[in-house]
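Down below is the structure, laid out as structure tokens.
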Amino acid sequence: LGKTLAKTMKKLAGMTIVDEEVVKEVIKDIQRALIQADVNIKLVFKLSKSIEERALDEEPPKGVTPKEHIIRIVYEEMVKLVGETPKPLKIDKKPYKILFVGLQGSGKTTTIGKLSRHFQRKGLNTAIVCTDTWRPAAFDQLKQLTQEINIPVYGEPENQTPLEIADRGLEKFKDYDVIIFDTAGRHKEEKHLLKEMKELSTVIRPDETILVIDGTIGQQAGEQARAFSQSTPVGSIIVTKLDGSAKGGGALSAVAEIRAPIKFIGTGEKLEDFEVFDPERFISRLLGMGDIRSLLEKAEEIAEEQEVSEETVDAILTGRFTLREMKSQFEMMGKMGPLQQVINMIPGLDKLPKNAPDATEEKIKKYLTIMDSMTEYELDHPEAIKHSRIKRIARGSGTRNEDVKELLKYYKVTKKAMKGLGRRNRGGPMGQLMK
Ligand code: GDP
Ligand code: MG
């Protein structure tokens with residue numbers, strides 16, 4: 001799906017005037033992507049209408065091609081749809097107290113682990129208080145989650161009430177920069193839960209209340225956010241489980257529609273599966289575009305300058321590639337600017353699996369040297385590179401066998417990630433947001 005959109009966008013590339021037919025095609029692709037991501041139909045049509053009107057009415061500014069013009073309009077209108085980039089949490093007093101609320105199973109405890117790691121990385125001394133006495137295991141869950149990052153957790157699920165625990169926790173951690181309070185959220189009925197949160201709120205007097213919503217409930221997330229916001233002053237929202245669910249688009253756009261600030265999103269069960277919510281990035285991935293706007297622009301610029309073949313650009317965009325394409329890609333990267341930035345623009349490459357070898361600037365230089373010692377046949381047939389070839393290539397490039405093996409591993413992992421991209425696209429455009 002992302003690919004269809006990318007293709008339509010490419011069609012726009014050579015045009016000098018905005019063609020009505022192509023505009024309609026772009027809009028259809030966008031509609032398809034959004035509806036598959038469970039975005040509310042009404043919202044989708046509202047959006048399509050404003051894109052169409054603007055694309056056909058507004059004259060592209062001087063020096064801006066019709067394609068760039070339309071992409072800009074699509075972005076602007078979509079960003080309007082999911083809201084502006086939210087202001088980051090500002091930790092402006094000590095201790096800064098954060099109360100987590102949300103229904104049971106929404107992902108509060110897990111997200112607290114993630115957020116504590118986020119703060120710790122910013123150099124803030126962070127502690128957690130677990131007031132969940134309903135599920136005594138919650139305390140162990142928190143301890144286990146944060147054990148590897150050394151964040152203190154306080155809780156006495158056996159002997160105390162949530163209010164007592166909150167009170168003691170405040171005292172115990174008063175010298176910390178941030179204290180995060182986990183809550184039970186055990187009630188299926190929101191109104192009972194809200195009452196308990198109010199009581200806790202009175203004791204804790206939080207500087208920020210964060211509502212956690214399970215993204216897999218899709219458009220219903222809007223209702224839930226509204227219910228909570230109306231009875232407690234919710235400062236931020238975190239939408240979880242945006243991995244694996246095709247409904248993330250629905251959840252995020254529904255929450256955004258009521259103008260509640262989504263600050264972070266959860267994309268997995270591990271501590272690192274956590275991102276600051278960035279509407280632009282979200283939209284790119286929602287549409288399955290990667291950051292295709294900048295990528296297309298840069299790739300075209302470079303292609304003109306360096307005469308990198310059209311096929312190479314295609315290969316990068318579609319993920320179909322051999323060592324030869326990887327080599328051109330590395331060569332282009334060098335010219336495109338800071339590597340990490342370029343990696344982030346290529347769909348799939350921004351989320352290489354954990355076991356992928358590093359692709360630092362230095363490594364890539366080495367990889368290029370190694371590839372210079374390969375034959376044409378080897379570049380086109382990476383799978384043929386076995387023991388004796390590895391030895392020869394290493395000798396020829398003045399590197400070690402292990403370096404050549406690492407390069408081959410990097411290639412394999414990258415290729416797999418790109419393949420996976422195509423597969424996930426079939427599972428809906430959110431697949432790309434997820435993995
Ligand atoms: P709580 O009851 O609100 O504290 O929810 P938990 O933190 O205990 O999470 C409930 C379940 O959802 C657990 O199995 C978590 O591992 C899982 N979970 C939480 N956040 C995410 C996420 O972003 N992605 C996925 N896939 N699972 C999540
Ligand atoms: Mg919990």
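Short-range pairs are left out: with C-alpha atoms under 8 Å and at least six residues apart, the relative contact order of segment 96-277 is 26 percent.
For the pair E269 and N125, label points projected 7 Å from Cα toward Cβ lie 3.4 nm apart. Considering only alpha-carbon pairs that sit under 8 angstrom and 6 or more positions apart, the relative contact order computed for segment 65-176 is 24 percent. Positive contributions from Lys and Arg (+1) and negative ones from Asp and Glu (-1), summed over other residues with Cβ under 9 Å from the Cβ of I73, come out at -1.
Can you compute the FRET efficiency between K94 and L163 using 1/(1 + (r/R0)^6), with r the Cβ-Cβ distance and R0 = 22 Å? Round to the nearest 0.05. Intermediate values should be presented prior to the final figure.
Details: r = 23 Å, r/R0 = 1.05.
That gives a FRET efficiency of 0.45.
Between K365 and H387, what is the spin-label point distance in nm, taking each point 7 Å from the Cα along the Cα→C-beta axis? The modelled label-to-label distance comes out at 3.4 nm. Computed from Cα atoms alone, the Kirkwood hydrodynamic radius reported for segment 96-277 is 16.1 Å.
Reported to the nearest whole Å, the Cα centre-to-centre distance from segment 102-120 to segment 35-81 is 35. The slack between D19 and R395, meaning 0.36 nm per residue of separation minus the straight C-alpha distance, is 129.8 nm.
Residue separation of K87 and D380 scaled by 0.36 nm, minus their Cα-Cα distance, works out to 100.7 nm of gained length.
Sort 158-167, 173-182 by the packing proxy (mean of other Cβ within 10 Å over each peptide's residues), most packed first.
On the way: 158-167: 16.2, 173-182: 21.7.
So the peptides 158-167, 173-182, ranked by packing, come out 173-182, 158-167.
A simple charge model with +1 on the Cβ of Lys and Arg, -1 on the Cβ of Asp and Glu and nothing else charged puts the dipole of segment 49-207 at about 300 debye relative to its Cα centre.
Report, in listed order, any pair from K42/K247; K97/K198; K114/K412; K327/K363 with a Cα-Cα distance greater than 20 Å. In this structure, K114/K412 lie more than 20 Å apart at Cα.
With an a/c value of 1.5 or above and a/b not larger than b/c for the gyration tensor axes a ≥ b ≥ c computed over the alpha-carbon atoms, segment 116-184 is described as oblate.
Once you sort the root eigenvalues of the Cα gyration tensor of segment 29-187 as a ≥ b ≥ c, which label holds: rounded (a/c under 1.5), prolate (a/b larger than b/c) or oblate (the other case)?
Working: a/c = 3.73, a/b = 2.41, b/c = 1.55.
It is prolate, given that a/c is not under 1.5 and a/b is the larger ratio.
What does the highest-first list of 141-153, 208-220 look like by mean Cβ count within 10 Å? It would help to have the intermediate numbers written out before the result.
Values: 141-153: 16.8, 208-220: 22.7.
Final packing ranking: 208-220, 141-153.
Among P152, G169, V234, which residue has its Cα positioned farthest towards the positive end of the charge dipole of segment 120-244, with +1 placed on the Cβ of Lys and Arg, -1 on the Cβ of Asp and Glu, and the dipole taken about the Cα centre? Most positive-ward Cα: V234.
Between I41 and N150, full extension at 0.36 nm per residue minus the direct alpha carbon distance yields a gain of 34.7 nm.
Just so you know, all these numbers are worked out from the coordinates, no wet-lab data involved. The shown structure was predicted, so the numbers you read here are calculated from the model rather than taken from an experiment. With ideal geometry, Cβ positions are generated from the backbone for all residues, glycine too; neighbour counts draw on all protein chains shown.
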